[in-house]
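Asks: Pasting a structure below so you can have a look.
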Amino acid sequence: MIDIKQVVALQTDMVARWHLGPVLNSQDGTLGIVCEQHRWNFLLWHEEDIARSPVASDREIADVKRAIDRYNQQRNDWIERLDDHIAEQLEQARVALELDARLNTETPGSAIDRLSIMALRIYHLEEQLQRSDASPEHRASVLGKLNRCRQQQQDLVAATQRLIHDIFAGKTRHRTYRQYKMYNDPNLNPQIYNATAQRRAA
């Protein structure tokens, strides 16, 4: 069963490490899947920052947009992979569902994705507190946001751990919900398949 406190510790540690060195995944097993999903969020976060730069050229924005689409696809693929991994663990453990087992609106993979983003948000808010050009008002505003984010992180840790406990106790059903991101699928995005057909006809 996944230890969510261990997950958050890993996410927090990797955000700090990746800001100082290569964005690599050195984990394996369940934490390896968690870390890989987190890695794509890290890459996505920083591309989103670039996309909003007022001095970025049109060419840079186009390149960043394509990178964002790739990274977001990977982010969602690894959420699904994490939920698939949990399903495999449940099957191996032969967890029997209670007759009145309920469904949750969010899967463990989606909740861990939210924790990944929160780890990134907390890191960057803490970074704002260290700015030498920050005014006292800016620091006070950031500190308020940071405290709320830390509380939200604690709440989400508790709720996600309880969800996982209930899933492995057979009290809650577990399913992998497929995102089916149509914009990256050459067979489902009309802008892609129409352009392909036009090139073939030319």
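The values are calculated or read from the model by the stated rules, or taken from the named source; none is laboratory data. For clarity, every value in this text was computed on a predicted model and none was experimentally measured. Cβ coordinates were reconstructed from backbone atoms using ideal geometry, including for glycine residues, and neighbour counts include every protein chain displayed.
Asks: Between residues in segment 102-127 that are touching a residue at least 24 places away in the same chain (Cβ under 8 Å) and residues that are among the hydroxyl-bearing types (Ser, Thr, Tyr) and in a loop (DSSP other than H, G, I, E, B), which pairs lie under 7 Å by C-beta distance while being six or more apart or on different chains?
Replies: Listed by first residue and then by second, the contacts come to THR107/THR176; THR107/TYR177.
Each row is one residue, and each column tells you yes or no for (1) at pLDDT below 95; (2) loosely packed, with under 15 Cβ neighbours inside 10 Å; (3) aromatic (Phe, Trp, Tyr).
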residue	(1), (2), (3)
GLN89	no, no, no
GLN92	no, yes, no
ILE117	no, no, no
TYR123	no, no, yes
GLU137	no, yes, no
LYS145	no, yes, no
HIS165	no, yes, no
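Asks: Tell me which of these GLU48 doesn't satisfy, since it passes every other one: (1) modelled with pLDDT of 95 or more; (2) under 26 Å from GLN154 (Cβ atoms); (3) of a type in the set (Asp, Glu).
Replies: (1)
Results for (1) exposed (fewer than 11 other Cβ atoms within 10 Å of the Cβ); (2) in contact with a Lys or Arg (Cβ under 8 Å, 6 or more places away or on another chain); (3) modelled with pLDDT of 95 or more; (4) within 19 Å of ILE112 (Cα to Cα), shown as yes or no for each residue.
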| residue | (1), (2), (3), (4) |
| --- | --- |
| VAL142 | no, no, yes, no |
| VAL157 | no, yes, yes, yes |
| TYR177 | no, no, no, yes |
| TYR183 | no, no, no, no |
| LEU188 | no, no, no, no |
| ARG199 | yes, no, no, no |
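Asks: Looking only at residues in segment 148-178 that are assigned to a helix (DSSP H, G or I) and among the basic types (Lys, Arg), which one is nearest to the chain's Cα centre (by Cα)? Steps first, answer last, please.
Replies: Step one: filter segment 148-178 for residues assigned to a helix (DSSP H, G or I), giving 148-168.
Filter once more, keeping what is among the basic types (Lys, Arg): 148, 150, 162.
On the way: ARG148: 19, ARG150: 17, ARG162: 20 Å.
The residue in question is ARG150.
Conditions (1) part of a helix (DSSP H, G or I); (2) more than 19 Å from ARG162 (Cβ to Cβ); (3) more than 11 Å from the chain's Cα centre (by Cα), marked per residue:
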{"position": "THR12", "(1), (2), (3)": "yes, yes, yes"}
{"position": "GLY21", "(1), (2), (3)": "no, yes, yes"}
{"position": "GLN27", "(1), (2), (3)": "no, yes, yes"}
{"position": "GLN37", "(1), (2), (3)": "yes, yes, no"}
{"position": "TRP40", "(1), (2), (3)": "yes, yes, no"}
{"position": "GLU47", "(1), (2), (3)": "yes, yes, yes"}
{"position": "PRO54", "(1), (2), (3)": "no, yes, yes"}
{"position": "ARG59", "(1), (2), (3)": "yes, yes, yes"}
{"position": "LEU97", "(1), (2), (3)": "no, no, yes"}
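Asks: Now a separate question. Could you list, in sequence order, the residues of segment 15-44 that are closer than 21 Å to ILE4 by Cβ and surrounded by fewer than 20 Cβ atoms within 10 Å (Cβ to Cβ)? If you could, list the steps in order and put the result at the bottom.
Replies: Of all residues in segment 15-44, those closer than 21 Å to ILE4 by Cβ come to 15-18, 25-42.
Correct list: ALA16, ARG17, TRP18, ASN25, SER26, GLN27, ASP28, GLY29, THR30, LEU31, GLY32, GLU36.
Asks: One residue is enough: does segment 33-49 have a residue meeting the conditions of a type in the set (S, T, N, Q) and out of contact with any Asp or Glu (no Cβ under 8 Å at 6 or more places or on another chain)?
Replies: The answer is no; no qualifying residue exists.
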